[in-house]
Amino acid sequence: MREPTLHDLRHSHASMLIALDVSVVDVQRRLGHRKPDTTLRVYAHQWKYREARRSQIGQQLGQLFDNRKALPTPRASETRLALPLASTGHQQ
């Protein structure tokens, strides 16, 4: 296994910026490209992957909400409080 080169680190940095939804212009400036279309041409696959991932996450969230709608609503007597009841401030 070889050591990562500066070019490898640069590419990883650009890929992370794209995954974090940093704009094309900001990525272009960080990398020192003269034009944003250079950045788009070199890293187009990263934006495609990000969009595919975003779509997949959206589908999973949609399924989560659909499944939640299918669950029966608990009755008030079955509802548990997440926190203990607040004290009234009276001490005995």
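Here is how the numbers come out for the structure above:
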quantity: Exposure ranking of 55, 15 by accessible area [1.4 Å probe, largest first]; calculated: 55, 15
quantity: Ranked packing of 1-11, 31-41, most packed first, by mean Cβ within 10 Å; calculated: 31-41, 1-11
quantity: Label-point separation in nm, residue 15 to residue 44, each point 7 Å along Cα→Cβ; calculated: 1.9 nm
quantity: From phi via Karplus (6.51, -1.76, 1.60), per-residue ³J(HN,Hα) for region 2-10 in Hz, x at Gly/Pro; calculated: 8, 6, x, 8, 4, 5, 4, 5, 4
quantity: Whole-Hz ³J(HN,Hα) from phi, Karplus 6.51 cos²θ - 1.76 cosθ + 1.60, for region 14-31, glycine and proline x; calculated: 4, 5, 5, 4, 5, 4, 7, 6, 6, 5, 4, 5, 5, 5, 4, 5, 4, 8
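The values are calculated or read from the model by the stated rules, or taken from the named source; none is laboratory data. Just so you know, these numbers come straight off a predicted model, no measurement behind them. Ideal geometry is used to build each Cβ from the backbone, glycine not excepted, and the neighbour counts take in all protein chains shown. Quick note on the areas: whole protein, heavy atoms, side chains included, nothing else; ligands and nucleic acids left out. Shrake-Rupley method; radii C 1.70, N 1.55, O 1.52, S 1.80 Å.
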